[in-house]
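The values are calculated or read from the model by the stated rules, or taken from the named source; none is laboratory data. What you see is a predicted model, and the numbers here were worked out from it, not measured in a lab. Using ideal geometry, Cβ is built from the backbone for each residue, glycine included, and neighbour counts are taken over all protein chains shown. These area figures cover heavy atoms from the full protein model, side chains too; ligands, DNA and RNA do not enter into them. Shrake-Rupley method; radii C 1.70, N 1.55, O 1.52, S 1.80 Å.
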Amino acid sequence: MKVGLFSLAVLGLLHANAQSPPSAKPSLLTRGPSVSGLLNRDGRGANPERIEALRQRTVQHDFSYETAEDRQTRRDRAQAIRQGFAHAWDGYKRYAYGADEIDVVNKAPKTTRNGWGATLVDALDTLWIMDMKDEFWRARDFVAKLDFRKDGGQLTKVFETNIRYIGGLLSAYELSGDKVFLQKAVELTDVIMPAFNTPLGLPWQMLNVTTGVGSSETPGRTSTNLAEIGTFQMEFYRLSQHTKNATYHEAAQNVITVMLNKNKVSDPTSNYAIPGLYPIDFDMISGKFTSRSTYWGGGGDSFYEYLAKTWILSDFMLERNIDMWSESIQSFKRYSVAESTSGYLFPGFVDGTKFFPYADTFTNFIPGTLGLISKLV
């Protein structure tokens, strides 16, 4: 998930009485609850009393009981983090400003995400939160001139474009209120929407933004993975709210609808074997899982993360999301976690129902997401 959208949740979108960001909580117009994720899988909507109770809860720590010593420690740590970021930003600014990445060994720019300045856009919210406003406004002028039809000679990775660029632009808009960021988010989303022009509405992994032709990352195949088809929910939901155009939200929710309709635990021919643990390998033309391998790390991670966080961002209205998350976390606890001899819990890879101890950097989202949800349910 783009960090900035979670930052927004912490900054106030979870609080009923918080100051509203630009156009906060506008009505989301859809063609009905059945296509928008508002109903759970039993056809029931969210309970109004439960929603109201959830709105009264908070996630952010209450610092009013902080001792003077604790306050100073916190401020010292925050300053150290800010200095670390400022040091990294200075290197990027000096040697690769406006590039997607910096080759730190050769002190040279690298084009890895179409040349639209992935590092810069991804860091917009951090610049704002760390009160580096001069750098933020300079970056804003760079963003205003971006032309998303110039692809840098590369196919566009649709999933990465969403979480880094669209997420970054939406976060910058939410924090600053500058409409340039929203305009650019809409512009870029419309550029990648042809990736969803497939028989089932499932997005291609790659897209030629000049022709609108999509493809799998592996040429000649129609394979994708759970994370790449399921990690549009949060950005597209928020974009639909701001634009009052339900197309984006419904495109993201359709992915889940197709996945659930085409794969049943009760089907003996299905690779979907454990309720709530969705295999990571997926065919976007048939809509079916192509393996029995489930994993909350690379290939699956952000799907589960977005189930939970989009439910929160929706003001607890997307009942299907929390319904699926609840089922998933129960199966995760039963099948996907083991305890070491020293008492530490660690996640793993499940093939069918067999557990394999394995973790990668992508599993790092799990503790934070569990901590967030634990404050609410």
Taking Cα atoms only, Rg over Rh for segment 255-377 with Rh from the Kirkwood formula is 0.96
Estimated distance in nm for a label pair at Thr198 and Glu327, the labels positioned 7 Å out from Cα along Cα-to-Cβ: 2.2 nm
Taking only protein heavy atoms into account and a 1.4 Å probe, give the accessible area per residue of the chain in Å². 47 Å²
In nm, give the distance between the simple-model label positions of Thr341 and Ala359, each being 7 Å from the Cα along the Cα-to-Cβ direction. 1.8 nm
Estimated FRET transfer efficiency when R0 is 25 angstrom, pair Lys244-Val180 (beta carbons, to 0.05): 0.85
Which value, in debye to the nearest 20, describes the size of the charge dipole of segment 303-342 about its Cα centre when Lys and Arg Cβ atoms bear +1, Asp and Glu Cβ atoms bear -1, and nothing else is charged? 100 debye
Order by protection proxy (mean Cβ within 10 Å, highest first), peptides 65-76, 364-375, 253-264: 253-264, 364-375, 65-76
Here the tail fraction of P(r) beyond 15 Å, over all Cα-Cα pairs of segment 171-236, rounds in percent to 59 percent
Work out how far the C-alpha atoms of segment 90-168 reach from end to end along every principal axis, then list the three figures in whole Å, largest first. 35, 29, 20
Length released on extending from Asp190 to Thr73, taking residue separation times 0.36 nm less the Cα-Cα span: 37.6 nm
At a 1.4 Å probe radius, carbon and sulfur cover how many percent of the accessible area of segment 24-157? 50 percent
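How big is the C-alpha Rg of the chain next to the rule-of-thumb value 2.2 N^0.38 Å, as a ratio? Before the final figure, lay out each step's value.
Details: Rg = 20.9 Å, N = 377, 2.2 N^0.38 = 21.0 Å.
Cα Rg divided by the expected 2.2 N^0.38 Å: 1.00.
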Once Rh is set to the Kirkwood radius over Cα pairs, what Stokes-Einstein translational diffusion coefficient, in µm²/s, holds for segment 215-323 at a temperature of 10 °C and a viscosity of 1.306 mPa s? 110 µm²/s
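Using packing as a proxy for protection, rank 231-237, 352-358, 117-123, 172-178 so that the peptide with the highest average count of other Cβ atoms within 10 Å comes first. Walk me through the numbers on the way to the answer.
Numbers: 231-237: 28.3, 352-358: 12.3, 117-123: 23.4, 172-178: 20.9.
My ranking of the peptides, most packed first, is 231-237, 117-123, 172-178, 352-358.
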Among rounded, prolate and oblate, which fits segment 70-203 when a ≥ b ≥ c are the square roots of the eigenvalues of its C-alpha gyration tensor, a/c under 1.5 means rounded, and a/b larger than b/c means prolate? prolate
Report the calculated FRET efficiency for Asp351 and Gln60 (r = Cβ-Cβ distance, R0 = 56 Å), to the nearest 0.05. 0.90
I'd like the accessible area for Ile329, computed on protein heavy atoms only with a 1.4 Å probe and all protein chains in place. Round to 10 Å², please. 20 Å²
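Using per-residue counts of other Cβ atoms within 10 Å, averaged over each peptide, order 205-211, 319-325 from highest down.
Numbers: 205-211: 18.1, 319-325: 23.7.
In decreasing order of mean packing, 205-211, 319-325 become 319-325, 205-211.
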Put +1 on the Cβ of each Lys and Arg and -1 on the Cβ of each Asp and Glu in segment 41-89; which of Asn47, Gln79, Gln60 then has its Cα farthest toward the positive end of the dipole? Asn47
If you plug each phi of segment 321-336 into the Karplus form 6.51 cos²θ - 1.76 cosθ + 1.60 with θ = phi - 60°, what whole-Hz ³J(HN,Hα) values come out, in order, with x for Gly and Pro? 4, 6, 4, 5, 4, 4, 5, 5, 5, 5, 5, 4, 4, 7, 10, 10
Given charges of +1 on the Cβ of Lys and Arg and -1 on the Cβ of Asp and Glu, with all other atoms neutral, how large is the dipole of segment 45-170 about its Cα centre, in debye to the nearest 20? 320 debye
Once you order the gyration tensor axes a ≥ b ≥ c over the Cα atoms, which shape class does segment 206-248 get: rounded for a/c under 1.5, otherwise prolate or oblate by comparing a/b with b/c? oblate
Fully extended contour minus Cα-Cα distance, from Glu217 to Ile81, at 0.36 nm per residue: 45.3 nm
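Starting from the Cα gyration tensor of segment 283-329, take the square roots of the eigenvalues, sort them a ≥ b ≥ c, and report rounded, prolate or oblate (rounded when a/c is under 1.5, otherwise prolate if a/b is larger than b/c, else oblate).
Working: a/c = 2.33, a/b = 1.81, b/c = 1.29.
Because a/c hits 1.5 or more and a/b exceeds b/c, segment 283-329 counts as prolate.
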Would you mind working out the magnitude of the charge dipole of the chain relative to its Cα centre, with +1 at each Lys and Arg C-beta and -1 at each Asp and Glu C-beta, to the nearest 20 Debye? 320 debye
Just Trp296, Trp204, Trp137 to compare: in a GNM of the chain, with alpha carbon springs under 10 Å, which one fluctuates most? Trp137
Rounded to one decimal in nm, the spacing of the 7 Å Cα→Cβ label points at Tyr97 and Asn47 is 5.6 nm
